[in-house]
Structure formats: structure tokens, C-alpha cells
């Protein structure tokens with residue numbers, strides 16, 4: 001199913017494409033480029049998370065922050081990249097070779113206020129930008145934490161809050 005985007009600022013003329021075989025939703029630019037793809041599960045989780053008051057919901061504040069992240073996926077696939085945004089729910093990792101939506105990962109990173117302390121978590125790719133967008137946004141993947149340890153979540157949340165206060 002294809003739905004035209006008519007009034008959403010910045011995306012007028014784009015198309016939402018629903019792939020009911022693979023359960024994916026893609027945004028296609030007026031020129032035919034894939035701007036991003038997300039699984040139906042991610043959309044459902046996003047909608048449900050907005051209904052919850054839990055402070056560990058998926059949709060949380062993210063801040064611009066460059067952190068080096070190492071990741072490992074099944075089949076000995078691994079890589080690293082820099083985050084563009086980071087928060088308690090996950091991060092956007094800039095990479096020229098984003099992994100498919102739904103890919104399960106193990107991620108490892110350090111926070112800037114504790115550079116020698118390594119944090120690990122299970123994670124999942126929930127959104128992908130395949131090509132640069134408007135010469136501002138690089139290709140990459142949004143990664144959602146799955147089972148982020150509570151102590152790490154608290155440290156990330158405190159760091160994000162401090163950075164938000166400093167930027168006001």
C-alpha cells in the first residue's frame with residue numbers, strides 16, 4: 001500500500017510504503033530515494049510506549065553526543081561508529097553500512113564522564129537512513145537498547161539530563 005504525504009512539513013510529496021509481506025514501513029522521497037525503513041514491530045512499540053508513563057520507555061529524550069560504539073551481530077558481524085544522538089532509550093549511529101531493521105546486536109560504549117568504564121547492552125536496530133538526507137543527516141541506524149542494565153540506564157539518564165540543562 002502506498003500513501004502520499006501531503007502536509008507533513010519537510011516531507012511533502014514523499015510516499016509511505018507499507019510492505020505487508022515483510023511488515024516494514026518505508027518513507028520514499030519525491031525523487032524515489034528510500035529515506036528510511038522501520039519494522040511494524042517498532043512502530044507498534046513506539047505507539048505503545050507513548051501510552052506508558054514508565055521512565056524507561058523507548059521514546060526518551062536524546063541529545064547530540066558523539067560516542068564511539070562497538071557492535072556485534074550474529075554471524076560474527078561487527079563494526080563501530082559514532083553516535084549523532086544518544087539517550088536512555090538508545091542512539092543514532094552514523095555508518096555508511098547500516099544493518100537491516102530488526103537486527104539484534106550487542107553494543108559496547110563508554111560515557112564521556114567515565115571514559116574507562118565500558119558499558120554493554122543487548123540492542124535492536126529499529127530505523128535506518130540509507131542515504132544522506134538534505135546534506136545534513138548522514139546514513140546510519142537508530143538502535144534501541146534491550147535490557148540496558150539499571151545502573152547504566154541511570155548513568156545515561158543523568159548524563160542526558162545534565163547535557164540538556166547545560167544547553168538551555
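The values are calculated or read from the model by the stated rules, or taken from the named source; none is laboratory data. Worth saying up front: this structure is predicted, and the values here are computed from it rather than measured. Note that we place each Cβ from the backbone using ideal geometry, even for glycine, and neighbour counts take in every protein chain shown.
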message: Of the residues 81, 102, 88, only one is touching a helix residue (DSSP H, G or I) at 6+ places or on another chain (Cβ under 6 Å) and not assigned by TED's automatic domain parsing to the domain that holds residue 23; which?
response: 88
task: Quick one: in segment 1-10, of everything that is part of a loop (DSSP other than H, G, I, E, B) and in contact with a strand residue (DSSP E or B) (Cβ under 7 Å, 6 or more places away or on another chain), which residue is surrounded by the fewest Cβ atoms within 10 Å (Cβ to Cβ)?
output: 1
query: Among the residues of segment 43-63, is there at least one that is modelled with pLDDT of 85 or more and either within 27 Å of residue 168 (Cα to Cα) or not assigned by TED's automatic domain parsing to the domain that holds residue 149 (or both)?
result: yes
statement: All-but-one check, residue 117 against (1) out of contact with any helix residue (DSSP H, G or I) (no Cβ under 9 Å at 6 or more places or on another chain); (2) modelled with pLDDT of 90 or more, failing number (1)
statement: Within segment 95-111, residues surrounded by fewer than 17 Cβ atoms within 10 Å (Cβ to Cβ) and part of a strand (DSSP E or B) come out as 104, 106, 108, 110
- prompt: Within segment 7-20, can you find the residues that are over 15 Å from residue 33 (Cα atoms), modelled with pLDDT of 90 or more and more than 21 Å from the chain's Cα centre (by Cα)?
  reply: 20
- line: When restricted to 125, 146, 107, the only residue under 17 Å from residue 37 (Cβ atoms) and out of contact with any helix residue (DSSP H, G or I) (no Cβ under 6 Å at 6 or more places or on another chain) is 125
The one condition in (1) without any contact (Cβ under 8 Å) to a residue 12 or more places away in the chain; (2) under 16 Å from residue 62 (Cβ atoms) that residue 151 fails to fulfil: (2)
- request: Find the residue count for segment 111-132, including only residues that are touching a residue at least 12 places away in the same chain (Cβ under 8 Å) and out of contact with any strand residue (DSSP E or B) (no Cβ under 6 Å at 6 or more places or on another chain).
  value: 5
